[in-house]
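The values are calculated or read from the model by the stated rules, or taken from the named source; none is laboratory data. Keep in mind it's a predicted model, so treat the numbers as computed, not measured. Please note: Cβ atoms are built from the backbone with ideal geometry, for glycine as well, and neighbour counts cover all protein chains shown. Side chains are part of the model used for accessible areas, which takes the heavy atoms of the whole protein and leaves out ligands, DNA and RNA. Shrake-Rupley method; radii C 1.70, N 1.55, O 1.52, S 1.80 Å.
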Amino acid sequence: MKKYLSSIIVTLFSFISIYAIETPYFTGHAGLIGDFTSNSDSKNFDPAFYSAGYFGGQINFLDTLIFRSEFSIKTNDILAGDIFKAPEGTSSIFKVQELSGTYKLSTSRLTHYFSIFYGEYEPIGSDIFLQRQFGISEISSPLTETWQGINGSSINHFYGGGISYILRFEQPIAFGAYLYKDFDDYHNQRSLNMDIRIAGAFPMFIFDASSGVGFSSGSTEGTLDDYVLIIREASFHGGFNFLIGNSAEPISVLSQVGFSDVILAPGKKNPKNDIDRAWDEFYFLFEPRVNLKQLSFALTFFNIPYSKLETGAYEYIRDPMGINANISTSYFHLGNLNYTMGMHATLTLSDQPIKKAIHEGTWKRNFYISPYAKFPLFGGELSSSLTINCTQLFKFNHNWFSSMDYRLGFRSQF
């Protein structure tokens, strides 16, 4: 992986040197959040403090050559000891979220994008691809907000390195093709993937769909003396992001559906494990929205893969499956500044992977409330939220401080 990343960096700097005489246009972004709670393993108040952040930027040469980079960092409990050295393993994680270079070629009616990338590059489920291609405003669900970068939440486990080609028409439609290799911690074996994509942005509906197949590099046996091509298993993945209406309309509906690693291996002895895994990686989100003059309301039905929740990326989601109601308003004023205030109320059905909950009957309902506020500050946004697990809060012989989770964060674009 290090050799692959190094080759991408060398290639990007080679392209930069070609355009070095031109004056580039630079934009940047950064965010940092702190999470204060109490350790759930302790019967008494035992403070714990976690943090996460990201920073990145874009260099644009004459709208022809575009370089993007983004990095994130996440720490375990800072109050437990040295964040850079822990006796039981690494307690701070630095990650390349995106490192990419794109060459843009425009003709009279078509625009071509040739890219080389490493990391989580415009994943399906995130609206970053739609924003870059069509210049739309953000359409993703507030419930899936993260602090790992501007990509936000994604449907599939996508983290790799490769190349892509995007063809955008004069109409707001784009087609894409991707060839990349996995470099994430989720996949046990590195796979070579081929994906196709289609997206569009129209006044009353926006869509982004992707599907692909991966061939595991560790699934072959024998040599080329015996075979020309050996494929013992293939994994399929896909996702669909669809918005009916827009932010200016009083009613809109966001739908997201996807799956990861549906494995086809005819010779496998125990295919049931692959079916169970595919079920656990099923992603679903359905969100009707109502936007009134001074009030916004959204009702979200969701099923998030448990493997995604384990990363701790989501600010308001703690359990895989449930229903969320979000009400907010941006009509609080102080001088010329607008403040956003609201609350999430979430009822979840299980804190285990959904297949395990169905098979073992381990349904564990939790009810969370998360009041939040967002304030403009120094050209950025200061956000504050308090998540309370009401189900745990009122249990006897329970450390009720661990039922509360306070977060304070700041993000900015410059």
- [ ] At 7 Å along the Cα-to-beta-carbon direction for both Glu249 and Phe367, put a label point, then send me their distance in nm to one decimal.
- [x] 3.4
Open item on the list: Under a crude label model (7 Å from the Cα following the beta-carbon direction), how far is Leu264 from Leu337 in nanometres?
Closed with: 5.6
- [ ] Starting from the Cα of Gln294, step 7 Å along the direction of its Cβ; do the same at Arg109; then give the gap between the two resulting points in nm.
- [x] 5.1
TODO: Rounded to whole Hz and in sequence order, give me ³J(HN,Hα) for the range 107-124 from the Karplus expression 6.51 cos²θ - 1.76 cosθ + 1.60, θ = phi - 60°, writing x for Gly and Pro.
DONE: 10, 5, 10, 10, 10, 10, 10, 10, 10, 10, 8, 8, x, 9, 9, 6, x, 5
Open item on the list: At 0.36 nm per residue, and after removing the present C-alpha to C-alpha distance, how many nm does the segment from Thr329 to Phe301 gain when stretched out fully?
Closed with: 8.0 nm
Task: When each of Lys95/Lys374; Lys293/Lys374; Lys74/Lys395; Lys181/Lys308; Lys95/Lys293 is checked by Cα-Cα distance, pairs over 29 Å - done: Lys74/Lys395; Lys95/Lys293
- [ ] With θ set to phi - 60°, apply the Karplus curve 6.51 cos²θ - 1.76 cosθ + 1.60 along the range 160-167 and write out the HN-Hα couplings as whole Hz, x wherever there is a Gly or Pro.
- [x] x, x, x, 10, 8, 9, 10, 10
Task: Integer Hz, Karplus 6.51/-1.76/1.60 couplings in order for the range 206-211, x for Gly and Pro - done: 10, 9, 8, 10, 8, 8
Task: FRET E, pair Phe202, Phe175, Förster distance 22 Å, beta-carbon r, rounded to 0.05 - done: 0.90
Task: Accessible surface of the range 95-212 [probe 1.4 Å, protein heavy atoms]: carbon and sulfur percent - done: 60
